[in-house]
Amino acid sequence: MRLSLKPLKPPAAATLRRFSADPHGTPPADPSCPISETLSLLQTSDPISWPANSTLADLLSSLSPPSVLKITRQLPGSQNALQFFEYLKSSPHLSDSAPFAFQAVLELVMRENPNSPGKLYELFAMAKEQNTPLSVNAGTLLIMCFSNANMLEEMVMVLDAIDTQVRNTHVVNLVVFGLFNLGRFPAALKLVDKMLQPGASNPPNGRTLRIVFSSILGKKHRGGDLGDEEIYDLFLRFSENGLCLGGYWLTHMISRFCRNGNCDTAWNALQKAMNSGSVVEVFPCNFLLSRLGQQRDYTRMNLLMNEMKEKGITPTVVTYGIMIKNLCKIRRLDEALEVLEKMRDGEAGIEPDIVIYNTLIDGLCKVGRQEDGLRLMETMRSSETKCEPNTVTYNCLIDGFCKVGDIDMGRELFEQMSNLDEGVNIISLNAMLGGMCRVGRVSSAMELFSRMREKGLEGNTVTYTALITAFCGANNIEKAMDLFDEMKENGCTPDAIIYYTLISGFTRAGRMNDAMEIKSKMEEAGFSLDIIGYNIMIGGFCRKNKIGNASELLTEMEIAGLNPDRVTYNTLISYFCDKGDFKHAQKVMKKMVDDGLSPTVVTYGALIQGYCMKGSLSAAMRLFTDMKSTSKVPPNTVIYNILIDSHCKEDNVEGALSLMDEMRDHGVKLNTTTYNALFKGLQQRNWSKKALQLMKQMSKQECMPDYVTMEILTEWLSAAGETEKLKEFVRSYRASNLTV
């Protein structure tokens, strides 16, 4: 079945001349020339008389096939030319010239009927039926026309009709191009596969290579259904035929492999191209370097840079920028600075640009080398670099200094930045405000914010988040809420972080009704609490002794598909232990274990502290023993301190000292709280000798006494006549401000 036809594009005059023996057209006729004689005879006689005309036959017998082509082209029309072709075909001694006459017939038909590919197909079918061999030029003409008309089957039929002895790579390329152009990838690739076979009669050439890769990599085709490995296999097969991809399409292929994450394939392809003598530009190298950097494959990055140098591929400023960026990413700043020095010293012959300087300054600031970043900015300002700092430069430095708490230097840079043509922007403002808020200079931050708004620089969500967080941290919830309302009025949409910050602030302040109101607003805005948010609010209700509200939140959380975590269970266990309700505390702990969550040191600590607070030291010790023997959670300093304090309060100093020895044996660190509890117990027994031993031990461990320590020891040891020992103990802490 014939495919649907499109209007045929008329061939250009240059295209038709390609198939002529004389590329400049036919010269004026010479009456004495056999060609002119033959042409005159054909034009003045009836075609019916041609077979009986011996003069015509003799003239034609003396002419070469290309001369016959010229004659046929000059006949009055395609019908006349067709009659001449049939005459030649029927004359055995003239039939060798018939294919050339047929080519001229096709050319004349195309001139007369530029939009009728069907007529050409009829002529082709007729010639095929008559076993007229197609010349390469005639076949080429038909293939081009059928390709333009989307007549794919006919195009392939023409290729098959050309004798393999005269068929060449050029005509096969035309078919391959036509198939690719019309989206027939499997058929095109099948034909290419034949060309790539060893000993193929029509091996590929450079034109084949360009057709294939422009088709599978170009935007129009996007590779059809070919995967990266299939494309790479084609690349290798062409290379085996001495045709290695280079230039634009090599760059395109390497970039595709890199974008798809096939870094190894890209590496192998580039290595093949570089070692084959193909023209490899710097662009595919840059793509691969960038991808290797994303994968942190710095070994191959350095190897590729060395290979580029060996192959004479000159790096660009982008190449060096990629290297510097990735060295900064892994905090190898000294090596990144060495690359900069190579560029500036002229070894590379490339001037660093503003992007490279900013990348380095940002990297230096991120590793705490703000002063080095500042010096690099001064280098930029020098007359040699001709690279003025911009807003990005200042933003990096301001953020860097503010993050290490050097607000004054950040403020100085902020003021310098305001003198630039671009002035300060929201990024620099947020960096400055964030730094101020982190060191507690919230009032100064608000003053700066107000001043900048007067200059027309409005805050965004990040700005308000920093200020709201700071005021919540300072327990100034009212001001935080004022800012929250202000940001909404100014068109800034609050994000989940701001809602969480306000909920946490209200919860810490014990204002659970306000926290619930913010939760409702948060849900109206399309956000929902996560497990952390629920735990914060459940803990807040527990501290307010509103276990009913906490239970409601727990139910709501489970309906939302969030399972309680260890923090949830520990919060509830702590609540019940504080109330002395150990029955419910143990029930919650059992539920925790049933849910696959092992009790933590916080879980045991809550229960042990609860038992101790209610005077059930024996129960606390049983749980402590169980914790050591059956659980995988070793007791920590906090748990030992709870038990030591309880033993001392019950005047069981021996038991407390035994626990202290156990701490040392198990590598659990004693702290000031441990010693204070023991000093109280020893004071009750008036065991000053043991107290003095512990004081030496405390000094040896560099455990700093606090005001509680000194209050206990000063009153007790002074009365016991051990003032000198006490003074010696105090002098051992030179860094402390303690006095007797």
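No value in this document is a laboratory result; all are computed from the given coordinates. The shown structure was predicted, so the numbers you read here are calculated from the model rather than taken from an experiment. With ideal geometry, Cβ positions are generated from the backbone for all residues, glycine too; neighbour counts draw on all protein chains shown.
Here region 496-558 is assigned +1 on the Cβ of each Lys and Arg and -1 on the Cβ of each Asp and Glu. Its dipole about the Cα centre then comes out at about 380 debye. Using the alpha carbons alone, the radius of gyration of the chain stands to its Kirkwood radius in an Rg to Rh ratio of 1.25. For the chain, the residue among C33, N241, V633 whose Cα projects farthest onto the positive side of the dipole built from Cβ charges is V633. Using θ = phi - 60° in the Karplus curve 6.51 cos²θ - 1.76 cosθ + 1.60, the 3J(HN,Hα) couplings for region 287-303 round to 4, 5, 4, 4, 5, 4, x, 4, 8, 6, 8, 6, 5, 6, 4, 5, 4 Hz; x is entered for Gly and Pro. Of interest is the spacing of the C-alpha centroids, which for region 329-401 and region 476-495 amounts to 38 Å. Evaluate E = 1/(1 + (r/R0)^6) for R237 and E335, where r is the Cβ-Cβ distance and R0 equals 45 Å; express this FRET efficiency to the nearest 0.05. That pair, R237 with E335, gives E of 0.65. Once both labels are positioned 7 Å from their Cα atoms along Cα-to-Cβ, the gap between S520 and D595 label points is 2.7 nm. Here each label is just a point 7 Å from Cα along the line to Cβ, and for V317 and Q586 those points are 7.6 nm apart.
What the phi angles of region 587-593 give under the Karplus curve with 6.51, -1.76 and 1.60, with θ = phi - 60°, is a coupling list of 5, 5, 5, 5, 5, 4, 5 Hz, glycine and proline written as x. Converting phi to 3J(HN,Hα) with the Karplus coefficients 6.51, -1.76 and 1.60 and the offset θ = phi - 60°, region 700-716 yields 4, 7, 6, 8, 6, x, 10, 5, 5, 4, 5, 5, 5, 6, 4, 5, 6 Hz in sequence order, with x at every glycine or proline.
Between 0 and 90 degrees, the angle of helix 317-329 with respect to the longest Cα principal axis of the chain falls at about 30 degrees.
Only one residue of S95, N260, F124 has its Cα farthest out toward the positive end of the dipole of the chain, where Lys and Arg carry +1 and Asp and Glu -1 on Cβ, and that residue is N260.
Think of it as helices only: each DSSP H run of n ≥ 4 in the chain is worth -39500 (n - 2.57), and spread over all residues that comes to -21500 deg cm²/dmol at 222 nm.
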